[in-house]
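Quick note: the coordinates plus some simple rules give every number you see, no bench work behind them. Keep in mind the model is a prediction, meaning the values are calculated, not measured. Here the Cβ positions follow ideal geometry from the backbone for every residue, glycine too, while neighbour counts run over all protein chains shown.
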Amino acid sequence: MHAPSVGEGLQAKPVLETLRAEQPEWQLAFTFFSPSAERLAKNLPVDVADYLPLDRPRTWKRCSMRSGPRRWCSPSSTCGPS
């Protein structure tokens, strides 16, 4: 799940907590852009939390190919297959 800053991260938190409780075998990742979300990210029930690289098509393609997400989600937009 990607949340650009702490506000979206707070929206994502109950979703991540529900996913962790209902699908504990799923690997959950949380990405963010703003330093304001870094402290929140350390306290989320996720396997990986880190800054997302700059939002450029080439960088995003490399990042998503390495992680191989089956789903992506952002609290400020829609969710869907990757």
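Taking the range 1-12 as the search range and keeping residues that are surrounded by fewer than 18 Cβ atoms within 10 Å (Cβ to Cβ) and not polar (S, T, N, Q), which one is nearest to residue 50 (Cα to Cα)? Give the derivation first.
From the range 1-12, those surrounded by fewer than 18 Cβ atoms within 10 Å (Cβ to Cβ) are 5-7, 10-11; that's our starting set.
Imposing the further condition that a residue be not polar (S, T, N, Q) reduces the set to 6-7, 10.
Working: 6: 13, 7: 16, 10: 16 Å.
Only one residue fits best here, namely 6.
Of the residues making up the range 12-51, those that are more than 10 Å from residue 1 (Cβ to Cβ) and of a type in the set (Phe, Trp, Tyr) number 3.
Could you list, in sequence order, the residues of the range 1-29 that are not in a helix (DSSP H, G or I) and not polar (S, T, N, Q)? Give the steps one after another, and end with the answer.
Our first condition is that a residue be not in a helix (DSSP H, G or I); within the range 1-29, this holds for 1-5, 23-29.
Across the range 1-29, the qualifying residues are 1, 2, 3, 4, 24, 25, 26, 28, 29.
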